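*Asks:* Please read through the structure below; I'll follow up with questions.
Bear in mind that the values in this text are calculations on the coordinates, not laboratory data. Predicted, not measured: the structure shown is a model, and the values here were computed from it. Neighbour counts are summed over all protein chains in view; Cβ atoms, including those assigned to glycine, are modelled from backbone coordinates with ideal geometry.
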Amino acid sequence: MRKYILFITIFLLSVACTRCPRNYTDGTEVCIFPDYTDITVPSNIAPANFMIREQADKYYTLLKSGNSDIAIKGKKVDIPLRKWRKLTALGDITVTVYEEKDGKWIRMKPFRINVAEEIDPYLSYRIIPPVHESYMRLTLNQRNLTNFKEKVIYANTMASKGADTQCINCHSFKNWHTDNMQFHIRQYLGGTILYRNGKLQKLNMKTDSTVSAAVYPSWHPTHDYIAYSTNKTHQNFHTNHTNRIEVFDEVSDLILFNLTDNSVSIIENDPAEFECYPSWSPDGKRLYYVSANLGNPAEVSKRGGAVAANSNGTFKYSLYTKDFDPDNRTWSGKEIFYDAAAVDSSITWPRVSPDGRWLLCCISTHGVFPPNQEVSDLIMFDLEKGSYRYVDEINSNKSESYHSWSSNGKWVVISSRREDGVHTRPYLSHLNNDGTFTKPFLLPQKDPEFSHKFLYSFNIPEFTVEPVKVSPRKLASFVKSTYASPVKFEQKREK
Amino acid sequence: MAKARWILPVALWGVLTFFSYEFLLKVEERSLFLYDALWLKDFLIKPSGILSFLSLFLTQFLHIPWLGALIWTILLTLSAELTRIIFRIPVTLSALTFIPASIFVAYNMSMGYTVYLTNLPGYFYMPLLGYLWALLTVTVLRKERKAAVLLILFLTWGFAGYYIAGFYSLAGTVATCIYISVSGDYSRTGKILPIAVTAVSLLLAPVAFAGTTTYNISNGWIIGMPEQDYGLTFTRMQLPLMLAMVCLAIAPVIKFRNVLSGKGITMAIQSAAIAVVIAVPSLFWFRDDNFKAELGMIRATELMDWDKVTDIYSKLQNRHEKDPSWQPTRVHVLLKDLALIKTGQEGERAYGFENGCKKQKTRCDVPMAFQIGKILHLNYGIPGICNRWCDEEAVLFGCNYLTYKYYAMIAILLNDNTLTEEYLDKLEKTLFYRKWAREQRKIYRDRDLLAQTAPYDMIIPLMCYDDIITSDLNGCEYFLINHFNGPMPANSTPLYDRVALYFALDSKQSALFWPRFNIYLNSNKPSRIARFYQEAAYLFCNIENDPRLETLPFNEKTRNLYKSFMQSASRIGMKSLKDARNAIPANLRHSYYFYFYYVNELEMF
């Protein structure tokens, strides 16, 4: 009997304790981390847990949507998944934080979390230390956006042996599905790993006629092709700057890989140009890419020349297009789409929205690798109207870089270093009907402090509508047991 | 005799505390234990992660070397005592029980320069804790039980034990099977079942956990042991630990009661065991005066005890005064130079020491950048390259106290408050570095205060140059030479001018020396020109018939020394550089003239 009385007392006490403060004064805006104030979230996203960044004796947070609410005590607001689902199903959420200081409650200015369309449930990224030349532990991970579960797709430690380590990079999926997936392994047991409809392949994409193995990929949306850049990439270091590193190419071209006969052909290899970042239009009839004109290629073929060009900020990439006939595999001539170099800028990472309306790119002062630059922004072209604008509602005073569209074209994920300038984090933003974006928000984590504690970068975030279907062990065993098959080289077909 | 066995641990503790404390501190500095749940989580996902976590917990106490050594010694003694009790080894043969412990001592203390390359978190305590776990395994599993209970117990222990202690647990279960099979106390089922279940868990445990973790499955059976890497071989990294585990397997086989049949035999075995227990660590203990001095100098540099840095160098030099083959390593020379620069004594004392480039006593290449790259680049005001080496080290060997400390100092120097907070937060979650983190927190936002606080007061003035994008191509010393011998910054500070002059002096190029000498005189306005700057100026004036020979205020000692040196050099005539160098009288060796003409074959890193 005593036990029951004790239990009931504790229960009643706990209920009483979570009661919303009745007597309070109104305060100002609340400071929370991550900043989830007045954001728009997908209806299926994991709970937007946050922590209150103000000193108080007690905290009380009320999340309300329709006739449903959740009350949470404490500085860390850890929202139960089921209750969060219930709230998001009812629509926009109003969040009110109460803080007790010196025995008096203050109701901070409420903020809204708007709820919009669903997002693709999976986000894949590489976990990587921010600056380095060595690699000991790299993983390709996949996060379930509807909860906090994260799984490893592949880790280099699964096949590395002592000092024989691997760099893994450039994971990519065809049309947001995981039946067609690829990533590269460099160095030990290296090759391009292709997963196609349950079958694995390991390829050596370097041929005598190409400058390197395949690097930045873009799956053709309708046919069995992948456009790649081929790059000889280097990195150098700043001596005395908050920027730590400069990544640059010594040489780069574009190739097309035909998956049906494992052949590669040149798309562009102008010796006076550094071509990079191929990206298909949604119909697969046009390829966007960036290229820097070097003036005198003989000069920059020397590594020192490239370094000098980069360090002086004169190495600037512009945006080009090439039309493509996927059935006959023929190319038209190149056309300049946006002459960023002419306005003393460098444009990279073109990505067209799934509906073909918007083209989102990264723009910075110079160079080919904006994540490591102090400031780089997103710029968006309206392909229907032929206009462009800087996406100020997303851009911060730090580096915004790799970005990716969700399959419904309503969400983008952006790699941003806005928090500390060094560690790249994925931010999500919703595209409104008028072509503007909502305030970007940090990918929710179970522990809102995670972002402060986890000193690695999230690299190349890519949405998928389904989980990766091949297990890490199967991938590792395949990597270890298979030699990289060579690919054929074919001549380019011009229209 | 029985009581005498306590002498060994006490002696070990004494040796560690008084003669190897620099090494223990280095082990501690290169580890990390955070009082943080997210950090702990990282250990829970990997077999042997818990053992690693516990080892790191204990490693942090090496920060106070006598305490860390005491804990280690107590655990070593405990392992011996438990071995004796579990395998019923008579006290009269107790020295035998110290054999595994002696292997662990030899293993750790033979590390030497490997300390810079080992990448298993908690490697210092892990073998010992693993051995203790293996002993626990034998204790728990060896009791005869009903078949069903045995089955469940062995299966559970096989898998759960593997998760906790990896290789050591597998070794423990194998030892138990040997124990059971050689003992006459077990039924047939009681013998066969454990062996069968152990075989299953031995085969399947690594496979079972492979799906949840990211290690190379071929390493699954040895997980918990340091990996072979960077020239570290199986013989160095894994064989000794396997041998220690073999002792566990052998112990049950030996019939100690039979051995005790004769007192003479007992005595002989005990004596032999004592010899082994003493000989194994003694033989493998890494003894290298240069290494010890390097560790001491690095430690003193970290503590900004610049006088101690030069003291250690002087003492080392004096100890080897009569050994003509002795040379300092580049680590000694570079740290000595740094200490002299920091105390403003480089012009007076830099060439008063022996110079050299003795190859470090290491079998595998240990890049200098991993040894003192961070220290040099930070102290010479090149935070970008310091950051690079923190990153490389963190990626290859995991973050440690020192990398976080350097990350924090870099962020402070670059006025990057958000990053500073992130790194200080990490250090605040440690036991012994939180005080340092709190001190930094008090000063880093106040740039004026910072500029007056060590070590920043001597670093900020060296950061007066414009940022450049470059690479050190993994060569610390070359990079520093090129950095300070490059174009002078437009707004150079007196300290920068002084350092640039010293590097010009060291590079023996008069074209570099003269402009820097003039800048130095203008900015530093020394009341008297330091000895070696005078010697360099006097030498270059003589070589180039420079009219400044008459105008510069060279003192008599400089002139006379030059005269004596040149006379001596002409007397020696054309000999090989080595012979000529040795023929120069001792009183002329510690001059810039000697450095200029006879120190020419320094291999830099």
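*Asks:* Over all directions, the average projected area of the alpha-carbon convex hull for segment B:12-166 comes to how many nm²? List each step's numbers first, then the result.
*Replies:* Values: hull surface 41.5 nm².
One quarter of the hull surface, i.e. the mean projection, equals 10.4 nm².
*Asks:* Then there's this: Tell me the Kirkwood hydrodynamic radius of the protein assembly as shown in angstroms, computed as one over the mean inverse distance between distinct C-alpha pairs.
*Replies:* Numbers: mean 1/r = 0.0300 Å⁻¹.
Kirkwood radius, the protein assembly as shown: 33.4 Å.
*Asks:* PRE reach from residue A:148 (point 7 Å along Cα→Cβ): which of segment B:35-55 fall under 18 Å by backbone N?
*Replies:* Residues B:36-45 qualify, since their backbone N sits under 18 Å from the label point.
*Asks:* Return A:108, B:242, B:126 ranked ascending by Cβ neighbour count within 10 Å, so the fewest neighbours appear first. Write out the running numbers ahead of the final one.
*Replies:* Numbers: A:108 23, B:242 14, B:126 28.
Fewest to most other Cβ atoms nearby, the residues stand as B:242, A:108, B:126.
*Asks:* Give the Rg/Rh ratio for segment B:289-463, taking Rg as the radius of gyration of the Cα atoms and Rh as the Kirkwood radius, to two decimals. Spell out each step's value before the answer.
*Replies:* On the way: Rg = 17.0 Å, Rh = 17.1 Å.
Here the Rg-to-Rh quotient is 0.99.
*Asks:* Just grab the label-to-label distance for residue B:417 and residue B:466, each label 7 Å out from Cα along the Cβ direction, in nm (one decimal).
*Replies:* With each label point 7 Å from Cα toward Cβ, the separation is 2.9 nm.
*Asks:* What number, rounded to the nearest 500 deg cm²/dmol, is the helix-based mean residue ellipticity at 222 nm of chain A, given -39500 (n - 2.57) per DSSP H run of at least four residues and division by all its residues? Don't jump to the answer; show the numbers that get you there.
*Replies:* Numbers: 6 runs with 53 residues, N = 495.
When only DSSP H runs of four or more count, the value is -3000 deg cm²/dmol.
*Asks:* Rounded to whole Å and sorted largest first, list the principal axis extents of the Cα atoms in chain A.
*Replies:* 84, 50, 46
*Asks:* Using amide H atoms built in the peptide plane, which far-off residues or other-chain residues are under 5 Å from residue A:378 H to H?
*Replies:* A:363, A:391, A:395
*Asks:* Further, regarding this structure: Pull up the cross-link candidates among the lysines for residue B:26, meaning alpha carbon to alpha carbon under 22 Å and not fewer than 8 places away within one chain.
*Replies:* Correct list for residue B:26: B:292, B:308, B:315, B:336, B:358, B:359, B:361, B:374, B:405, B:426, B:429, B:435.
*Asks:* Report, in whole Å, the centroid distance computed from the Cα atoms of segment B:22-63 and segment B:311-364.
*Replies:* Here the answer is 34 Å between Cα centres.
*Asks:* Which whole-number value in Å³ per residue fits the convex hull of the alpha carbons of segment B:527-605?
*Replies:* 119
*Asks:* Follow-up question, since we're still on this one. For peptide A:151-164, how many partner chain Cβ atoms fall within 10 Å of a residue's Cβ, on average?
*Replies:* Values: counts 0, 4, 0, 1, 4, 2, 7, 8, 3, 5, 6, 11, 8, 1.
Per-residue shielding by partner chains comes out at 4.
*Asks:* Turning to a different aspect of this structure: Once both axes come from the Cα atoms, what is the angle between helix B:126-141 and the longest principal axis of chain B, in degrees from 0 to 90, rounded to 10?
*Replies:* 10
*Asks:* Take residue A:483, project a point 7 Å from its Cα along the Cβ direction, then tell me which residues of segment A:180-209 have their backbone nitrogen under 15 Å from it.
*Replies:* Taking a point 7 Å out along Cα→Cβ of residue A:483, the residues of segment A:180-209 whose backbone N falls under 15 Å are A:189-191, A:202-205.
*Asks:* Grab the Cα-Cα distance for residue B:283 and residue B:41, subtract it from 0.36 nm times how many residues apart they are, and report the gain in nm with one decimal.
*Replies:* Result for the pair: 83.2 nm of gain on full extension.
*Asks:* So, counting K/R as plus one and D/E as minus one, what does the shell of residues with Cβ under 10 Å around residue A:141 add up to? It would help to have the intermediate numbers written out before the result.
*Replies:* Details: positive: A:126, A:143, A:151; negative: A:150.
Here the charged neighbours net out to +2.
*Asks:* Then there's this: Could I have the simple spin-label model distance between residue B:146 and residue B:542, label points 7 Å from Cα toward Cβ, reported in nm to one decimal?
*Replies:* In this crude spin-label approximation the distance works out to 9.8 nm.
*Asks:* For an R0 of 41 angstrom, estimate the FRET efficiency from the Cβ-Cβ distance between residue B:578 and residue B:436 and round to the nearest 0.05. Numbers along the way, then the final one.
*Replies:* Working: r = 46 Å, r/R0 = 1.12.
Between residue B:578 and residue B:436 the formula returns 0.35.
*Asks:* If you take each beta carbon of peptide B:208-217 and count the beta carbons of other chains within 10 angstrom, what is the mean?
*Replies:* Numbers: counts 0, 0, 5, 3, 3, 6, 11, 5, 10, 6.
Averaged over the peptide's residues, the number is 5.
*Asks:* May I ask you to derive the FRET efficiency for residue B:11 and residue A:89 from their Cβ-Cβ distance with R0 = 60 Å, giving the value to the nearest 0.05?
*Replies:* Working: r = 72 Å, r/R0 = 1.19.
Given R0 = 60 Å and the Cβ-Cβ separation, E is 0.25.
*Asks:* Can you work out D for segment B:3-284 in µm² s⁻¹ from Stokes-Einstein, where Rh is the Kirkwood radius over C-alpha pairs, the temperature is 20 °C and the viscosity is 1.002 mPa s? Numbers along the way, then the final one.
*Replies:* Working: Rh = 19.6 Å.
In µm²/s, the coefficient rounds to 109.
*Asks:* With labels modelled as points extended 7 Å from the Cα through the Cβ direction, what inter-label distance (nm, one decimal) is found for residue A:31 paired with residue A:104?
*Replies:* With each label point 7 Å from Cα toward Cβ, the separation is 2.0 nm.
*Asks:* Also, quick follow-up: Where does helix B:7-19 land angle-wise versus the long Cα axis of chain B, in degrees 0 to 90, nearest 10?
*Replies:* 20
*Asks:* Moving on. To make sure I understand the rule: partners must be aspartates and glutamates, Cα under 12 Å from the Cα of residue B:143, and not fewer than 8 residues away in the same chain. Which ones qualify?
*Replies:* Here the aspartates and glutamates satisfying the reach criterion relative to residue B:143 are B:185.
*Asks:* In deg cm²/dmol and to the nearest 500, what is the mean residue ellipticity at 222 nm of chain B if only DSSP H runs of at least 4 residues count, each as -39500 (n - 2.57), divided by the residue total? Intermediate values should be presented prior to the final figure.
*Replies:* Values: 34 runs with 392 residues, N = 605.
The helix contribution divided over chain B gives -20000 deg cm²/dmol.
*Asks:* Something else now. Report the calculated FRET efficiency for residue B:490 and residue A:67 (r = Cβ-Cβ distance, R0 = 60 Å), to the nearest 0.05. Intermediate results must be reported in sequence, preceding the final value.
*Replies:* On the way: r = 69 Å, r/R0 = 1.14.
So the FRET efficiency works out to roughly 0.30.
*Asks:* Roughly what angle does helix B:289-302 make with the longest principal axis of chain B, taking Cα atoms, 0 to 90 degrees, to the nearest 10?
*Replies:* 70
*Asks:* A further question follows. As a quick test, which of the pairs A:73/A:109; A:206/A:285; A:73/A:446; A:174/A:410 have an alpha carbon distance above 23 angstrom in this structure? Write out the running numbers ahead of the final one.
*Replies:* Details: A:73/A:109 17 Å; A:206/A:285 26 Å; A:73/A:446 16 Å; A:174/A:410 18 Å.
The pairs that break the limit, which is 23 Å between Cα atoms, are A:206/A:285.
*Asks:* Roughly speaking, what % of Cα-Cα pairs in segment A:326-455 are separated by over 26 Å, rounded to a whole number? Mind showing how you got there, number by number?
*Replies:* Values: 2231 of 8385 pairs.
For segment A:326-455, the fraction of Cα-Cα distances above 26 Å is 27 percent.
*Asks:* A further question follows. So how much slack lies between residue B:85 and residue B:552, counting 0.36 nm per residue of separation and subtracting their Cα-Cα distance, in nm? It would help to have the intermediate numbers written out before the result.
*Replies:* Details: separation 467, 0.36 × 467 = 168.12 nm, distance 8.10 nm.
Using 0.36 nm per residue and subtracting the Cα-Cα distance, I get 160.0 nm.
*Asks:* Taking every Cα atom in segment A:22-116, find the radius of gyration and the maximum pairwise distance Dmax, and write them in Å.
*Replies:* Both quantities, over Cα of segment A:22-116: 12.7, 39 Å.
*Asks:* What is chain B by shape, rounded, prolate or oblate, if you read a ≥ b ≥ c off the alpha carbon gyration tensor as root eigenvalues and call it rounded for a/c under 1.5, prolate for a/b larger than b/c, and oblate otherwise?
*Replies:* Details: a/c = 3.11, a/b = 1.98, b/c = 1.58.
Prolate, since a/c reaches 1.5 and a/b exceeds b/c.
*Asks:* Run the paramagnetic zone check for residue B:321: 7 angstrom along Cα to Cβ, then residues of segment B:343-368 with backbone nitrogen under 15 Å.
*Replies:* B:353-354
*Asks:* Could you sort the peptides B:316-325, A:379-388, B:107-116 by per-residue average Cβ neighbour count (10 Å cutoff), highest mean leading?
*Replies:* Details: B:316-325: 11.7, A:379-388: 15.3, B:107-116: 20.5.
In decreasing order of mean packing, B:316-325, A:379-388, B:107-116 become B:107-116, A:379-388, B:316-325.
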